1. For the stretch 1-105, which fully contained strands (runs of 3 or more DSSP E) count at least 3 residues that are under 27 Å from Ser165 (Cα atoms)?
2. Across the stretch 139-153, what is the total count of residues that are outside any loop (DSSP other than H, G, I, E, B), over 17 Å from Gly261 (Cβ atoms) and in contact with a strand residue (DSSP E or B) (Cβ under 7 Å, 6 or more places away or on another chain)?
3. Only helices (runs of 4 or more DSSP H) wholly contained in the stretch 220-262 count here; list those with 2 or more residues that are crowded, with 16+ Cβ neighbours inside 10 Å, of a type in the set (A, V, I, L, M) and modelled with pLDDT of 95 or more.
4. What are the residue pairs meeting all of these: first residue in the stretch 59-79, first residue without any contact (Cβ under 8 Å) to a residue 60 or more places away in the chain, second residue surrounded by fewer than 24 Cβ atoms within 10 Å (Cβ to Cβ) and of a type in the set (Phe, Trp, Tyr), Cβ atoms under 8 Å, and 6 or more apart or on different chains?
5. Mind counting the residues in the stretch 76-96 that are in contact with a Cys (Cβ under 9 Å, 6 or more places away or on another chain), surrounded by fewer than 24 Cβ atoms within 10 Å (Cβ to Cβ) and within 30 Å of Asn16 (Cα to Cα)?
6. Given the conditions (1) out of contact with any Ser or Thr (no Cβ under 6 Å at 6 or more places or on another chain); (2) in contact (Cβ under 8 Å) with a residue 40 or more places away in the chain, which single one is not true for Leu211?
7. For the stretch 218-258, which residues satisfy the criterion of being of a type in the set (Ser, Thr, Tyr) and farther than 22 Å from Ala292 by Cα?
8. Look through the stretch 170-212, keep the residues that are in contact with a helix residue (DSSP H, G or I) (Cβ under 9 Å, 6 or more places away or on another chain) and among the polar types (S, T, N, Q), and return whichever of them is surrounded by the most Cβ atoms within 10 Å (Cβ to Cβ).
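The values are calculated or read from the model by the stated rules, or taken from the named source; none is laboratory data. Keep in mind the model is a prediction, meaning the values are calculated, not measured. Ideal geometry is used to build each Cβ from the backbone, glycine not excepted, and the neighbour counts take in all protein chains shown.
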Amino acid sequence: MSNEWIKVAAPATTSNIGPGFDTFGLALKEPFDIVEGRRIDSGLMISEITGPGSDIIPTDPEKNSVCIAAGEVLRKSGEDFGIEFRIKKGIRPGSGLGSSGASASGGAYLAHLMCGEKLSDNDLVLCAAKAEGVTSGGLHADNVAPSLLGGFTVIRSYDPFDVISINPPENLGVVVTLPEIYIETKEARKVIPAEVPLNHLVFHVGNASCLTYGMATGDLDLIRRSIQDLVSEPNRKNLVPNLKEAEEAALSEGALASFLGGSGPCIMSFYDKTSGNGNNIAESVKSVFAHADIKCETWVTVCGKGCRRI
């Protein structure tokens, strides 16, 4: 293989999605990171990081998710060449939009291309998930799976590792609202209880099963009814000021559901593209934070296709 630069886009994601803590994920069309790489004789190195939050992202290859994931792919593929990376962040760290997961996915996917695509989907996702384990305080694949595979993903099992991807309904629109609040994933994970009551477990299993069925069959009303959470968001709600007011504002403008994206602070709102207005939902949520003197960004987008070469 030559040492020409290869460029890939790695999309933002939302994880958990109600009852699916560390299990469900959804790829978004935007925003996304861009990861470039070229072959070098040995070692992994980062020559440039730009974009939102780039000043706090480590360039040490042992601490950067791009390099960690790429290194795992090289090892599993039986290759010993090196890669030089350039990273352009489109996803701010601490956003709840899978920033480190997108970087890990971009690094894994780029290395996968360079190695001749030798790995299975499961192995590729696991390589990226191991990078998340280093940077985010625990191995979880609910961001890297959709970023790599696209669509709505379900982690069936972590041991043995097994993931599936489902094409979500075409009329499912997504409004992303990102307030100017920073939440570190490691810290957000600390507020999640190690054990939950049996009735909470039963509640989550029922809703998770129906949410998966709704995604597979295109039943938006079932998706709406099934985005329920008794564990993750209730324990993280105090991390995001005005969270409930923002969700209620989205629902008042016709959103099917509105919920905390990943560990936060982003807020995800699902709507029916055939009858709803994503821009109105975005403005309603944005106005809640404006009244609290909190700046925010919004994206009116759709489900994404996963990592791709550009």
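1. Working: elements: 6-16, 20-40, 44-50, 82-88.
Filter on the stretch 1-105 gives 6-16, 20-40.
2. Here is the first cut: in the stretch 139-153, the ones outside any loop (DSSP other than H, G, I, E, B) are 144-149, 152-153.
Now restrict to residues that are over 17 Å from Gly261 (Cβ atoms): 148-149.
Going one step further and asking which of them are in contact with a strand residue (DSSP E or B) (Cβ under 7 Å, 6 or more places away or on another chain), we end up with 149.
Of the residues in the stretch 139-153, 1 are outside any loop (DSSP other than H, G, I, E, B), over 17 Å from Gly261 (Cβ atoms) and in contact with a strand residue (DSSP E or B) (Cβ under 7 Å, 6 or more places away or on another chain).
3. In the stretch 220-262, 220-226, 243-252 are the helices (runs of 4 or more DSSP H) which contain 2 or more residues that are crowded, with 16+ Cβ neighbours inside 10 Å, of a type in the set (A, V, I, L, M) and modelled with pLDDT of 95 or more.
4. Going by the 8 Å Cβ cut-off, the qualifying pairs are Leu74/Phe81.
5. Looking only at that region, the number is 1.
6. Status for Leu211: all satisfied but (1).
7. Taking the stretch 218-258 as the starting set, the residues that turn out to be of a type in the set (Ser, Thr, Tyr) are 226, 232, 252, 258.
Within the stretch 218-258, Ser226, Ser232 qualify.
8. Filtering the stretch 170-212 for residues that are in contact with a helix residue (DSSP H, G or I) (Cβ under 9 Å, 6 or more places away or on another chain) and among the polar types (S, T, N, Q), the one surrounded by the most Cβ atoms within 10 Å (Cβ to Cβ) comes out as Thr177.
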